[in-house]
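Here is the structure we will look at.
The values are calculated or read from the model by the stated rules, or taken from the named source; none is laboratory data. All figures in this text were calculated on a predicted structure; none of them were measured in a lab. Don't worry about glycine lacking a Cβ; one is built from the backbone with ideal geometry, like all the others, and counts go over all protein chains shown.
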Amino acid sequence: MIPRNRELIEGCRRGERKSQFEIYRRYHAAMYNTTLRIVGDPDDAEDVMQEAFLKAFTRIGGYRGEVSFGAWLKKIVIHQALDFLRSRREHLPLDEVTEPEQPAGEEA
């Protein structure tokens, strides 16, 4: 018998690794694809997705069932990916920052 999401969520709330693994197995492909579309790099997408699942498992007590579990998880994944992009932008090496071009006839 395949456990339903509700049973798996309850298992995750109790810290059961088996339930966490099953949730991961069910959702990892969709969440990876979402992350990849946002961050653009397969290795970064994998890392970001893993962090998002860890965050979801630590916050699963806050899941109230107001939306589907997949939608709740996807929101966490999207926020994690956007945070990753923000942190990457904040840490751009100075040699990658270019000066804006001045219009003809204007001096800086």
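Being modelled with pLDDT of 90 or more and more than 30 Å from residue 10 (Cα to Cα) is the filter here; which residues of the stretch 55-108 pass it?
Across the stretch 55-108, the qualifying residues are 85, 86, 87.
Among the residues of the stretch 8-37 satisfying the criterion of being surrounded by fewer than 17 Cβ atoms within 10 Å (Cβ to Cβ) and small (Gly, Ala, Ser), which is farthest from residue 49 (Cα to Cα)?
The selected residue is 15.
Anything in the stretch 1-50 that is part of a helix (DSSP H, G or I), of a type in the set (Val, Ile, Thr) and over 15 Å from residue 72 (Cβ atoms)? List them, or say none.
Answer for the stretch 1-50, where residues must be part of a helix (DSSP H, G or I), of a type in the set (Val, Ile, Thr) and over 15 Å from residue 72 (Cβ atoms): 35, 38, 39, 48.
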